[in-house]
Amino acid sequence: MISISINPKKIQSSKFHSKEFFFFFLLIAYAYLIADPLSAYFGAQGYQTSFTNTNGHIILFSVVVTPFIEELIFRTHLSGRREDIWSLPVMICVLLYIFFDINLYIMSVILLTGLAGIIFFNKRISMFFLDRYFNYTFLFTSAGFALAHFGMVDIEIVHIKVLILFVSYFPISLYYGYIRKKYGLIWSIGTHSLNNFTLILFNTIIYA
């Protein structure tokens, strides 16, 4: 885990180890003991309402659909392999849509341009983002994942909103990236799914 903050590129693939559950539940504790109180301090609603008042369809979407889509978009390229770099321009387009509300036509043009660049200059682009500057790509992806939840923080002051997003989502995003790099995309999807399910369960107990 320490390699996340020092050199993500050096994270080596291996079989899943049970010790990762310790870090997982440490992050759950962090969410309720630090991130949530901070949100409440600034007048934003944190995990109290994130996964409350849910029905079966919302739970299914939160536990199955959302983790699959988000991991596919935000962390496929963190394998470091050239064939997986396609998710990087997809992720950038998603962020542009969230922050600039660009229409689908413009987003399609940007996405197709990015994908065309990857097709024709795959080796050069992959070397830049997934080799030479992989650590920056890793951190940018984690930051992008946090900012992608911009609409989930119900506060108007932008810099406070960004602070809450980074405190709440950046640590778990680093962890998802670590799991993806070390164990594979299926494991990061599963970890993301388990995180959402755990939040639903704990919210039912704590905030019901």
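What the table shows:
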quantity	calculated
Vicinal HN-Hα couplings computed from phi for segment 15-28 (Karplus, 6.51 cos²θ - 1.76 cosθ + 1.60; Hz; Gly/Pro x)	6, 4, 10, 5, 4, 5, 5, 4, 5, 4, 6, 5, 6, 5
Contact order normalised by residue count of the chain, Cα under 8 Å, 6+ apart, percent	35
Rounded tilt (10° steps) of 66-75 against the dominant C-alpha axis of the chain	40
Sequence of LYS181, LYS15 once ranked by neighbouring C-beta atoms within 10 Å, starting from the fewest	LYS15, LYS181
For Rg and Dmax of the Cα atoms in Å, calculated from these coordinates, the label among (i) 17.4, 54; (ii) 16.3, 49; (iii) 20.7, 63	(i)
ALA40 paired with PHE61, simple spin-label distance in nm, labels 7 Å along Cα-to-beta-carbon	2.7
Choice from LEU33, LEU165, LEU78 showing the highest fluctuation, given a GNM over the chain with Cα pairs closer than 10 Å	LEU33
Highest-fluctuation residue, THR191, THR137, THR66 considered, GNM on the chain with Cα pairs under 10 Å	THR66
GNM flexibility winner over the chain from ARG132, ARG82, ARG180 (Cα, springs under 10 Å)	ARG132
Length added when fully stretched, PHE21-ASP84, from 0.36 nm per residue minus Cα-Cα	20.0 nm
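Coordinate-derived values only; no laboratory data. Since the structure is predicted, the reported quantities are computational estimates derived from the model, not experimental observations. So basically every Cβ, Gly included, is an ideal-geometry build from the backbone, and we count neighbours across all protein chains shown.
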